[in-house]
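The values are calculated or read from the model by the stated rules, or taken from the named source; none is laboratory data. This is a predicted model, so every value here is computed, not measured. So basically every Cβ, Gly included, is an ideal-geometry build from the backbone, and we count neighbours across all protein chains shown.
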Amino acid sequence: MAAATKTSTTSLAALGDAAVAAVRAVVAASRVCETVRTGELMQSMSKDDKSPVTVADFAAQAIVIHELHAFDASIPVVGEEDADALRGDAEEATQLRQKVMSAVHSLRTDLDEAAVLGAIDRGNYEGGASGRFWALDPIDGTKGFLRNDQYAVALGLVEDGQVVLGVLGCPNLREDLDNPESVRGCGYVAKRGEGCFKFNLDNCESLTKATVTSPPAEEVRLVESVETKHTSHDTSAQIKAAANIKGDSVRMDSQAKYAVVGRGDAHLYLRLPRAGSTHEEKIWDHAGGMLIVEEAGGRVTDIHGKPLDFGQGQTLKNNTGVVASNGVVHDAVIAALAEIYKN
Ligand SMILES: Nc1ncnc2c1ncn2[C@@H]1O[C@H](COP(=O)(O)OS(=O)(=O)O)[C@@H](OP(=O)(O)O)[C@H]1O
Ligand SMILES: [Mg+2]
Ligand SMILES: [Mg+2]
Ligand SMILES: [Mg+2]
């Protein structure tokens, strides 16, 4: 078979069985998320860490893990959510469980409660440095999802500590960041060594190559988190000045940031820990997205220029923050970060 990288279009099937399973699972979950976001089933609760989780996070995790299990039951999953909050007779749990079941049934009427709760709880793998596992964020950017802003269904396949397959479903993302009339509902898939591809969430079987772009300094665009707790906006402004980056800054929720860098609409994604932060990045917040940028021709490291190490369990404990770029601006950004973080 001709290498998928040689032409600008290819079929999903050409990327192999794991890619087909992963993309179809992400597309299915993206549909369920949109059903919840635009319908009557929305309900959210606060987790122990005060972050939100919704009916759609649970339903999406159930759908993706069910599909991945049908593909290959021997590959474990590190998923963000568990089903604890859906079990028991308390009113909130009962309501949430019923809505999760309705959301799942909007797509898969054949799954009963035991199958749904069981699938969610199968995402309990601890990760590690050897073997293969999936890393799943059923909704990345739950706060964005609740604001009707950007969010992503994000799935990565990790092999011996390295992401080898990355998939993002971005149901609320337009095809062109600068054209609010462009098609909404974008998907991305990257396979290590074979390139990065985009697809429409309504037709994932046909793929088009995606590549980073490298404009002059005036047009180099930064993307960063909306939430001020997740990244230091002050530091990113300093980095832009020091690295001679003069384009606009766009705040966007979720791993959609990796997608817009990978497709060339933006050129730098900075995730910069605030002073004194002890936050360790979760692997599921990056596994789906980072390969999208790398295989599109860009670079992804932490703020010290170190590769992201997905073999350390559920967090990127060997890394600090994230820098994802078109490659061209990367060294200047890392040099600027070294100056700022040495103080
Ligand atoms: N303190 C802190 N620092 C860094 N990151 C954090 C922090 N707290 C949470 N999170 C994680 O951020 C995930 C959301 O990604 P983004 O920050 O890119 O999007 S957003 O602007 O916040 O919506 C979000 O993922 P989801 O929980 O899947 O939405 C969190 O895992
Ligand atoms: Mg969360
Ligand atoms: Mg997340
Ligand atoms: Mg999440």
Based on what the data block shows, is residue 103 in contact with a Phe, Trp or Tyr (Cβ under 9 Å, 6 or more places away or on another chain), over 15 Å from residue 80 (Cβ atoms) and either more than 10 Å from ligand 1 (Cβ to nearest atom) or part of a helix (DSSP H, G or I) (or both)?
-> yes
Could you tell me which residue of the range 129-157 is nearest to ligand 4 (Cβ to nearest atom), considering only residues that are surrounded by 24 or more Cβ atoms within 10 Å (Cβ to Cβ) and within 19 Å of residue 74 (Cβ to Cβ)?
-> 136
Only one of 305, 298 that is buried (at least 24 other Cβ atoms within 10 Å of the Cβ), more than 16 Å from the chain's Cα centre (by Cα), within 26 Å of residue 159 (Cα to Cα) and at pLDDT 95 or above | 298
Answer yes or no as to whether residue 47 is modelled with pLDDT of 95 or more, surrounded by 21 or more Cβ atoms within 10 Å (Cβ to Cβ) and over 27 Å from residue 165 (Cα atoms).
-> no
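Each row is one residue, and each column tells you yes or no for (1) farther than 28 Å from residue 52 by Cβ; (2) among the acidic types (Asp, Glu); (3) crowded, with 24+ Cβ neighbours inside 10 Å; (4) without any contact (Cβ under 8 Å) to a residue 24 or more places away in the chain.
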site	(1), (2), (3), (4)
248	yes, yes, no, no
280	no, yes, no, no
285	no, yes, no, no
292	no, no, yes, no
310	no, no, yes, no
319	no, no, no, no
327	yes, no, no, no
336	yes, no, no, no
Give just the number: which of (1) part of a loop (DSSP other than H, G, I, E, B); (2) more than 7 Å from ligand 1 (Cβ to nearest atom); (3) within 18 Å of residue 151 (Cα to Cα) does residue 274 not satisfy?
-> (3)
Residue match in the range 327-335 (condition: part of a loop (DSSP other than H, G, I, E, B), at pLDDT 95 or above and either in contact with a Cys (Cβ under 9 Å, 6 or more places away or on another chain) or within 16 Å of ligand 3 (Cβ to nearest atom) (or both)) = no
Out of all the residues in the range 86-107, which are buried (at least 19 other Cβ atoms within 10 Å of the Cβ) and farther than 20 Å from residue 34 by Cα?
-> 86
When you go through 73, 83, 60, 56 one by one, which is the residue that is away from ligand 4 (no atom under 14 Å from the Cβ) and surrounded by 18 or more Cβ atoms within 10 Å (Cβ to Cβ)?
-> 83
Could you please find all residues in the range 80-117 being free of Cβ contacts under 8 Å to residues at least 24 places away in the same chain, aliphatic (A, V, I, L, M) and closer than 15 Å to residue 41 by Cβ?
-> 101
Spot the failing condition for residue 280; the list is (1) outside any helix (DSSP H, G or I); (2) in contact with a strand residue (DSSP E or B) (Cβ under 8 Å, 6 or more places away or on another chain); (3) more than 16 Å from ligand 2 (Cβ to nearest atom), and only one is missed.
-> (3)
Do we find that residue 139 is part of a strand (DSSP E or B), closer than 17 Å to residue 28 by Cβ and either assigned by TED's automatic domain parsing to the domain that holds residue 29 or out of contact with any Pro (no Cβ under 9 Å at 6 or more places or on another chain) (or both) in this structure?
-> yes
Could we say that residue 338 is at pLDDT 95 or above and farther than 18 Å from residue 162 by Cα here?
-> yes
Every listed condition ((1) among the charged types (D, E, K, R); (2) at pLDDT below 95; (3) assigned to a helix (DSSP H, G or I)) holds for residue 257 save (2)
